[in-house]
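The next block holds one structure in the form of structure tokens; read it before the comments.
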Amino acid sequence: MPRLRPGERFTRTFYGRLLLGQLAVGAVLLATVAAVVGLVGPGLFERYLVENGPLASTDELASAESAFARALWLSLGVAVVVAAAVALVIGLALVRPLRRQLRELSVVARDVAAGDYGRRVEPGPGVGDEVALLASSFNEMAARLAEAEETRRQLLTDLAHELRTPIASLAVTVEALSDGVLMADRDTLASLTEQAGRLTRLAGDLRDVSDAQGGLLVHPESCDVAVLLERARAAAAEEFVRKGVTLTIAGTPSGPVRADAQRVGQVLANLLSNALRHTPAGGRVELAAQIGTAGAAITVADTGDGIEAEHLPHVFDRFYRTDAARSRDAGGTGIGLAVGAAIAEAHGGRLLAASEGPGLGSVFTLVLPSAAG
């Protein structure tokens, strides 16, 4: 939008236009009254004098004054009627675009309320910046509602898909036990326990993402970044050793941040678990942190599979997987990164993902505010 001078900015607003319209109506009214009185009044009085001749007495003077008063009031009446007609025309010219726009907005709002989220309002000419902004805000709201509805449908579809596999596995195993095809040995019970645990993790992750997005999950306090990194490394160390992947902390980062240590630990544990899942034996995962006055950026970098550019914008979507089959077999629910992003946002921070491409590893960055923030 081009830069406007103060006067131009005022006249572009609906309030400014309405005020100027009212001033214009008032000015027209006064000008019309003055013009009509000036044109009609003297003529009526002169006509009276012509009809009644020269004034020769006090009675005739009084009659002339009475005639002038009648002429004046008649001219004022005509002036008011003319001015009202002019004001009506100006008012209609001002209100008609607004009425048309509000009527369209009402119709579209009714359609959106009925579930037609594809409807939009087209700002018309002459309605002012406020009404145009209202139309734009309404369109944005409708777009967000459409996105939320699509997310809800996708969530239900994905959730049904996620539940189908463990439930089907449980049903098959229980049926096989009932038919005597399988024995209730250690392997069978372990399989049942694994599928039940998967359902439990799924329910827990859904609860966590809901709580985090509602701002109910995080209780920040001053924490030292070095402590957060060391706790995350120590908790994951055994699994990394078991797979043969090296886990290190780069440098000796230390500094205060404002964070919920338990929830940040949950995010880092999930990031390290993802990194381990996608890094082959002999690979390396590195924890690091950059600390500044605004806060800290904690990174988890791996030398694993990497992420294709087309997948990067979606890695924090619920149930999104870059490799659905392998991730499902590995036990992931596809919600962990969404939970991490929600926890980061609840802190007032962000969770970011970057990768140079397949086979070139990935870097996830958790941004947290400073302790003074």
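The values are calculated or read from the model by the stated rules, or taken from the named source; none is laboratory data. From a predicted model like this one, the values you see are computed outputs, not experimental measurements. Glycine also receives a Cβ, built like all others from the backbone with ideal geometry; neighbour counts cover every protein chain displayed.
Observations
- Residue check, residue 293 modelled with pLDDT of 90 or more and either within 21 Å of residue 339 (Cα to Cα) or touching a strand residue (DSSP E or B) at 6+ places or on another chain (Cβ under 7 Å) (or both): no
- Search result, residues across the range 283-304 that are in a strand (DSSP E or B) and among the polar types (S, T, N, Q): 290, 299
- Scan of the range 279-299 for residues that are surrounded by 22 or more Cβ atoms within 10 Å (Cβ to Cβ) and either over 29 Å from the mean Cα position of the chain (by Cα) or more than 21 Å from residue 360 (Cα to Cα) (or both), ordered by number: 279, 285, 287, 289, 295, 296
- Residue check, residue 207 within 36 Å of the chain's Cα centre (by Cα) and touching a residue at least 24 places away in the same chain (Cβ under 8 Å): no
- Filtered residues of the range 142-158 (kept if surrounded by 11 or more Cβ atoms within 10 Å (Cβ to Cβ) and out of contact with any helix residue (DSSP H, G or I) (no Cβ under 8 Å at 6 or more places or on another chain)): 143, 144, 146, 147, 148, 149, 150, 151, 154, 155, 157, 158
- Residue among 257, 264, 241 that alone is crowded, with 22+ Cβ neighbours inside 10 Å, assigned to a helix (DSSP H, G or I) and at pLDDT below 95: 264
- For the range 206-225, taking the residues that are surrounded by fewer than 20 Cβ atoms within 10 Å (Cβ to Cβ) and farther than 25 Å from residue 256 by Cα, the one that is modelled with the highest pLDDT is identified as 207.
- Failed item, numbered, when residue 323 is tested on (1) of a type in the set (D, E, K, R); (2) out of contact with any His (no Cβ under 8 Å at 6 or more places or on another chain); (3) at pLDDT 85 or above: (3)
- Only residues that are in contact with a strand residue (DSSP E or B) (Cβ under 9 Å, 6 or more places away or on another chain) and farther than 15 Å from residue 220 by Cα were counted across the range 248-273, and they come to 10.
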